[in-house]
Every structure is written in structure tokens, then in C-alpha cells.
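The values are calculated or read from the model by the stated rules, or taken from the named source; none is laboratory data. Computed from a prediction, not measured in an experiment: that's the story for all the values here. Cβ atoms come from the backbone with ideal geometry, glycine included; neighbour counts cover every protein chain shown. We work out accessible area using only protein heavy atoms, side chains counted, and drop any ligands, DNA or RNA first. Shrake-Rupley method; radii C 1.70, N 1.55, O 1.52, S 1.80 Å.
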Amino acid sequence: MARAATGACAFLIVAAGAVLAGPASSATAAVRPLAATSSACAAANKSPGVTATTISTGAMSTLTGPIASNFESLAPGIQAYYDYVNARGGVDGRKIQLTYNTDDTGNPSQDTALEHTLVDQDHVFAVSGVATAFFTPTYFVQTCTPTFGYNVTANWNGPANLFAAGGSIQDDAAGDPAWIYLAKQVQKTPSVGVLAYNIASSNASCNQAVSAFKDAGIKVSYVDTSVGYGASVIPDAERMKAAGTNFILSCMDITGNISLARGVQQYGIQAKQLWLDGNDQSTLNQYQSLMQGVYFNIQHVPFDAPLNDYPGLAAYISAMKKYEPKWVYDEVAIQGWESAALLVAGLKAAGPNPTQLGVINAINKITAYTSNGLTTPVNWSPGGGGHTYPITNNTCSAFIQVQGDKYVTVLAKKPQVFECFRLSGSILNGSGSNPGNSYSHAVLIKPPPGTPVG
């Protein structure tokens, strides 16, 4: 599935917790569309950072500062995959290295400078990981540098050299069928409350969900999509109780969600909760009593899936425990692993003398990429939905729920972990930002061919 709003929720923390230098749309406008990258990519038939024994890559993340905890684990996921590959002989005999792991410190003004540094000074072959709320990929596009990473902005959409983990498209409506389905599964007569921060990166998907719930004939009893970051939502909890809310969708980060959980407990609200952020094991270890019964919606094979059925997950967990044990069950680390795996797939397909253009072209021929068995298939080929609308496949995700000290896969029929829904309306016809009103069915369909344990 192309990356949906549900797959990019961790960045809500960042966009809300820092002052942006300008509107989020400004960076998007600066990125040239796919068709305009052809001349730059024609000049990219070269191999910077490649020697007889090594391939040098870089990363650009928020590693320090108040918002670093939301992005710092991407690089460990990348490094673990490199170590995993290098222990097996590397790529055509070359060791792949994360030579330059740069830090934007959560400062939007640093990103453009770091892009030039990685390309012009460090001469990396590829940028194997980007994890920042301030991604402005203009120079990477201009130089046709193969670029991979964590999709938390709309700026990945379009250029042929940008490969976000799970797909470069975000669509605010992609999660709607699954969320409607969950509400109907866990409440006989759902009465929905929706909470989000007062910035578009948080409330866009939740505002769309309000419309989708109503189109599905579900009562929406409470909406506050203008929560100030850091503000208590306990007053919202009191109002939801008065409104009879029994299902809560939160597009906030863990800070807001914990405040929500305290309010739910304080007022004795008998509501099921779906959070779109906060399902790292370290979070559960800290807030176990507040998180019991909370649902999450994710786009990768859940960590509790049976390893015999999901060898891709087994390889990930084994390697992470060996090379980066601190980050094994981290939601951003697995994005780093997926990013590195896609780069390596492109390198292998490009042959023993890889060029940047060769890797880009090779990946853009892949029609069903699953991050080595961790996700449902992504079609990177032209028109396939990996880079641009229309998204030509349906949407699949997994539900996990907090039970005791664990996140447990729920609802799906074992051993399958994914539940898939048909997308119609604008997501498939290409209008993208206007999701239409076609989500009333929320009926399960068979997972697409290539889905792990499909």
C-alpha cells in the first residue's frame, strides 16, 4: 500500500512541537514533478562513493534536540540491515556503509545545507535514510540522488529518485475503511469522538475521518481537531463522556494520547480507543496501566506475528537483537530497515558496476516490493502508485491491541495479520486530496497477490 496517514503519524509530535519556518506546502511546491526529473537523472549515470570494496551512503535525521526521540532510531535500523547484508558478503563483494549520519537538530534551516553537504562534499552514492519533519528534497531531486526514508511529509510524492518506506504517497483517506471497520467491530452502535492537534499534519487525516464516519452512517458525537500541542485533553474527555462517546480516534502523538488516557480513566469513560501513534515497546513499558485495551493500526507485519510464517520478520528481529538491540521493537527503526533493504535490492538489480541511475531505474521496475516480507506489496513502476497518484492497489494494514505488557495482533484470521479493504473514489481515480464518500462499506477483501502469508 502506498503510505497512508496511518503510517506517518509519529511526525505529529514534530510538526506540532516545533515552530516551522514556513508553511508545510512550501517545500512541496519546490519539488519538481516526476516528469521534470528526467534530465537530472540522465546526468546521474555515475557512481560516487563506490570503490572496489565499499559503497558509501548517508543519512539525514533529527538525532539531537527536543524532538529527536521521534526520529533517532531510523539510522540504527539502516545500520542493522547493512550489518546483516555485510555479514553475508555485502553487495557484489562490496561492504555497504552508513558513512555520514548527519543531524539536522530539529532545525528546518539545516536540511538544505545538509543535502548539499551529503551530495557535494561527502559524495555519497545514496541517501539511505531521511527522518525529519522538515524534509525539503529539492537538491536531492536536482541531482537525482537515490533517496530513501521515513515518509512524514507530502514531499516524497512524485520524483523518480525518492523512495519512502512503504511508498511515497500519503493520502489522508487511506485509513478510513479500516477505522470504520474497527469501530463497527468493537462497538455495536459506535459513537465516535475524534481528537487532533491544530496543525494540518495532525488534523488532516482526522478531519477526513470525521466525514468518512458520517458517510458510513456512524454517529460522530464529539470533534476537537484544534488541540494545542502540550495542552491537556482531560476537558475533552469530560465532554466526550457527556456526549456519550464510546469510540475515540486520536491523531495526536504519545503526549496527547497519554493525556487522553488519563482523562478516560478519570471520568470512567467506557470507550474503545484507536491511537495512530505511540505503539513502541518503550512507551508501553512506561505507561502500561494507561494503555490497556488501546488499538493501533500499522502497515508492517506486527512484531508478535509467528516467525515461522513470516521469515522477513524473523530476519529483522534476529538482526536487530544482534546489531541494534536497543531498537528492536521500534516503529521508526523498522522504517530504516525497510529503506536500507530497498536500496540494497536496487543495488543488486543494477549489477556489479552500479550507477545511481541504474539503481533508480532498477527499483522503478519493481512491481510488488514487500520489504523482504514485512509489508504488503508496493508497485514502484510508472503508474503503479509508488510515486504518484493514482494508487492502483487497495489498502491493507494490521490492528494490534495492548494486552498486558504486549502489543497483540487482533481481528485478522491467523496466521494472516493484514486486513485489506477496497479503495474507491478519489484514491484510485487520482484526485488524492479529495477522498470522496465511498467508505461506507468497509468490507474485507482478499489480500493482494504477494502479501506475506496472503
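Going by the conditions given, is A362 within 25 Å of C144 (Cα to Cα), open to solvent by less than 20 Å² (accessible area, probe 1.4 Å) and in a helix (DSSP H, G or I)?
yes
Looking at (1) assigned to a loop (DSSP other than H, G, I, E, B); (2) over 20 Å from the mean Cα position of the chain (by Cα); (3) not polar (S, T, N, Q), which is the one condition that is false for L357?
Only one criterion is unmet by L357, namely (1).
So in the range 71-112, with the set limited to residues that are open to solvent by less than 30 Å² (accessible area, probe 1.4 Å) and polar (S, T, N, Q), which one is nearest to K321 (Cα to Cα)?
Step by step, filter the range 71-112, then rank; the result is S73.
Residue check, G373 against (1) over 30 Å from A43 (Cα atoms); (2) open to solvent by less than 10 Å² (accessible area, probe 1.4 Å), all met but one. Which one?
Just one mismatch for G373, condition (2).
Please go through the range 226-268 and pick out each residue that is crowded, with 21+ Cβ neighbours inside 10 Å and not in a helix (DSSP H, G or I).
V227, V233, T245, N246, F247, I248, L249, S250, C251, M252, D253
Give the range 143-183 a look and list any residue that's within 15 Å of G129 (Cα to Cα), open to solvent by less than 10 Å² (accessible area, probe 1.4 Å), β-branched (V, I, T) and in contact (Cβ under 8 Å) with a residue 60 or more places away in the chain, or say none.
Matches in the range 143-183: T145, V152.
Can you name the number of the only condition in (1) of a type in the set (A, V, I, L, M, F, W, C); (2) crowded, with 18+ Cβ neighbours inside 10 Å; (3) part of a helix (DSSP H, G or I) that A314 fails?
For A314, the failing item is (2).
What is the number of the single condition among (1) aromatic (F, W, Y); (2) within 26 Å of A368 (Cβ to Cβ); (3) surrounded by fewer than 24 Cβ atoms within 10 Å (Cβ to Cβ) that Y139 does not meet?
Tallying (1) aromatic (F, W, Y); (2) within 26 Å of A368 (Cβ to Cβ); (3) surrounded by fewer than 24 Cβ atoms within 10 Å (Cβ to Cβ), Y139 fails exactly one: (2).
Condition (residue is free of Cβ contacts under 8 Å to residues at least 12 places away in the same chain and not basic (K, R)) applied to the range 237-257: is it met by at least one residue?
Yes, that holds for at least one residue.
Could you identify the single residue in A8, A21, A42 that is buried (at least 24 other Cβ atoms within 10 Å of the Cβ), at pLDDT below 95 and out of contact with any Ser or Thr (no Cβ under 6 Å at 6 or more places or on another chain)?
One residue alone meets the criteria, A8.
Within the range 184-213, which residues are touching a residue at least 60 places away in the same chain (Cβ under 8 Å), crowded, with 24+ Cβ neighbours inside 10 Å and closer than 19 Å to T395 by Cα?
The answer is S205, A212.
Restrict the check to the range 277-296 and report whether at least one residue is open to solvent by less than 10 Å² (accessible area, probe 1.4 Å) and in contact with a Cys (Cβ under 9 Å, 6 or more places away or on another chain).
There is at least one residue in the range 277-296 that is open to solvent by less than 10 Å² (accessible area, probe 1.4 Å) and in contact with a Cys (Cβ under 9 Å, 6 or more places away or on another chain).
Show me the strands (runs of 3 or more DSSP E) entirely contained within the range 94-164 in which 3 or more residues are of a type in the set (G, A, S).
126-131
Restricting attention to the range 317-336, does a residue exist that is touching a strand residue (DSSP E or B) at 6+ places or on another chain (Cβ under 9 Å), buried (at least 22 other Cβ atoms within 10 Å of the Cβ), small (G, A, S) and outside any loop (DSSP other than H, G, I, E, B)?
yes
Residue-wise test of (1) without any contact (Cβ under 8 Å) to a residue 40 or more places away in the chain; (2) more than 29 Å from D304 (Cα to Cα).
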site	(1), (2)
A349	yes, yes
N364	no, yes
A368	no, no
N372	no, no
S381	yes, yes
